[in-house]
Amino acid sequence: MIRALALLLLAGLPATATAQVPEPEGYRMESYRAPVPETLRGATVVGPDEAHALWREGAAFIDVLPQAPRPANLPEGTIWRDKPRDTIPDALWLPNVGYGALADVTEAYFRAGLEAATGGDSAHPVVIFCLAECWMSWNAARRAVEWGYGAVHWFPEGTDGWDAHGYPMEVVAPYSAPD
C-alpha cells in the first residue's frame with residue numbers, strides 16, 4: 001500500500017523533480033532559474049546547516065543574485081527604487097557576476113569582490129549563493145574554483161534555504177569596489 005502511494009506521488013511530479021541534473025562542461029548560459037546539479041567539481045556543496053556553521057566560523061559569503069536594471073521605458077522624472085535585497089548577514093552582494101559570460105568590467109568587479117571578501121587569501125573559505133534553483137551561484141562558484149580559490153563552498157539553496165531554516169537575514173546594498 002505504501003509503495004503504491006509512493007509511486008502515485010512520484011508519477012505526479014514533473015520529470016525534473018526526479019531527474020538528476022548533470023554538471024555542464026561549461027557555464028550555464030540561459031534559463032538561470034531552473035533545477036541545478038547536486039555537485040560542482042572542485043567545490044564543496046553545502047546545505048543550510050553547513051552554511052550556517054561556516055558563517056559562524058567566519059567564512060566569506062558572496063551573494064550573486066542579479067540586480068534588476070532600471071527599466072528603459074520609464075517616463076522621464078519617474079523615481080526608480082531598487083528592490084531591497086535580504087541576504088545572509090555580512091554577505092557581500094556582487095550582483096550580476098553569475099552569468100555564463102561576463103563582460104571584462106563585471107569579471108574585474110567579481111575578482112575585486114572576492115579579494116575583498118577573503119582578505120586576499122585564496123585559501124580562505126568562501127560560500128557562494130543566490131536563491132534556490134539559481135544557476136548564477138553555480139556559475140560564480142565554478143569561476144572562483146577556476147581562479148584558484150581553494151575552499152569554495154557552493155550553497156545551492158541560497159537565501160531561500162537559509163531563511164526557511166530561521167537563520168538571520170539583513171538588507172544589503174551591492175558591493176562598491178574602492179577606486
(Q) Of everything in region 120-135, what is under 11 Å from Ala59 (Cα atoms) and part of a loop (DSSP other than H, G, I, E, B)? Give them in sequence order. (A) Ala123, His124, Pro125
Q. How about region 96-146: which of its residues are more than 15 Å from the chain's Cα centre (by Cα) and closer than 23 Å to Glu30 by Cα?
A. Ala101, Leu102, Ala103, Asp104, Val105, Thr106, Glu107, Ala108, Tyr109, Arg111, Glu146
Q. For region 146-179, what are the residues that are β-branched (Val, Ile, Thr) and surrounded by fewer than 17 Cβ atoms within 10 Å (Cβ to Cβ)?
A. Val171
(Q) Suppose the filter is surrounded by 20 or more Cβ atoms within 10 Å (Cβ to Cβ) and modelled with pLDDT of 95 or more; does Ala101 pass it? (A) no
Q | Residue that is at pLDDT 95 or above and more than 17 Å from Ala51 (Cβ to Cβ), where the choices are Arg81, Arg70, Arg143 | A | Arg143
Q) How do the pairs read when you match residues in region 90-115 that are at positive phi with residues anywhere that are outside any strand (DSSP E or B) and open to solvent by 50 Å² or more (accessible area, probe 1.4 Å), using Cβ under 8 Å and keeping only pairs 6 or more apart or on different chains? A) Asp90/Trp55; Asn96/Gln67
**Q.** Residues satisfying the stated conditions in region 125-145, i.e. surrounded by 24 or more Cβ atoms within 10 Å (Cβ to Cβ) and more than 15 Å from Thr39 (Cβ to Cβ)
**A.** Val126, Val127, Phe129, Cys130, Cys134, Met136, Ala140, Ala144
Q: Would you please name the residue that is surrounded by the fewest Cβ atoms within 10 Å (Cβ to Cβ), looking only at residues in region 29-88 that are part of a loop (DSSP other than H, G, I, E, B) and touching a Ser or Thr at 6+ places or on another chain (Cβ under 7 Å)?
A: Pro35
Q: Keeping to region 153-177, report how many residues are in contact with a Lys or Arg (Cβ under 9 Å, 6 or more places away or on another chain) and farther than 12 Å from Glu50 by Cα.
A: 5
Q. Is there any pair with a first residue in region 139-166 that is closer than 16 Å to Thr44 by Cβ and a second that is open to solvent by 30 Å² or more (accessible area, probe 1.4 Å) and in a helix (DSSP H, G or I) whose Cβ atoms are under 7 Å apart and which are 6 or more apart or on different chains, and what are they?
A. Val152/Val145
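The values are calculated or read from the model by the stated rules, or taken from the named source; none is laboratory data. Just so we're clear, the structure is a prediction, and the values are computed from it rather than from any experiment. Methodologically, a virtual Cβ is constructed for each residue, glycine included, from the backbone with ideal geometry; neighbour enumeration extends over all protein chains shown. Please note that ligands, DNA and RNA were not included when accessible areas were found on the heavy atoms of the full protein model with its side chains. Shrake-Rupley method; radii C 1.70, N 1.55, O 1.52, S 1.80 Å.
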